[in-house]
């Protein structure tokens, strides 16, 4: 099974994670995104990060290209890096917060659930 829906679990912790993911991905959008679009774009971003992660420079180039696009692809790319590349989390969060200071709240909420997930897994 592909993990593109990871976090969409019907438990209190899963609901908090799901809400944080959706809020982050919806941040800056003119209207709420469909769940199908969220799953599709996030799955693509997660696959891209997994593909590029072993090649640091390629990951940087991919992320820079996605961030320039703005919108859902930017948010999904940043989210995928935040959750899949813990060593880059602080740097990615700082850059996103600098670019979108109005989204600091949803970013903080996302980082809190990612930190909880990481400590639960470890």
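Summary of values
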read-out: Rel. contact order, % - alpha carbon contacts under 8 angstrom, at least six apart, the range 12-116; value: 34
read-out: GNM top mover of 50, 20, 77 - the chain, alpha-carbon springs below 10 Å; value: 50
read-out: Linear extension gain, residue 95 paired with residue 57, 0.36 nm per residue minus alpha-carbon span; value: 12.0 nm
read-out: Debye-sum result for the range 27-122 in log10 I(q)/I(0), which assumes one identical scatterer on each alpha carbon, at q = 0.18, 0.19, 0.23 Å⁻¹; value: -0.85, -0.95, -1.38
read-out: Linear extension gain, residue 16 paired with residue 47, 0.36 nm per residue minus alpha-carbon span; value: 8.8 nm
read-out: Sites residue 37 and residue 102 - FRET efficiency at Förster radius 25 Å, r taken between beta-carbons, to 0.05; value: 0.70
read-out: Theoretical ellipticity at 222 nm over the chain - DSSP helices of four or more residues, -39500 (n - 2.57) apiece, nearest 500; value: -24000 deg cm²/dmol
read-out: Span from the the range 71-96 Cα centroid across to the the range 12-31 one, whole angstrom; value: 14
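Just so you know, all these numbers are worked out from the coordinates, no wet-lab data involved. Since the structure is predicted, the reported quantities are computational estimates derived from the model, not experimental observations. Glycine also receives a Cβ, built like all others from the backbone with ideal geometry; neighbour counts cover every protein chain displayed.
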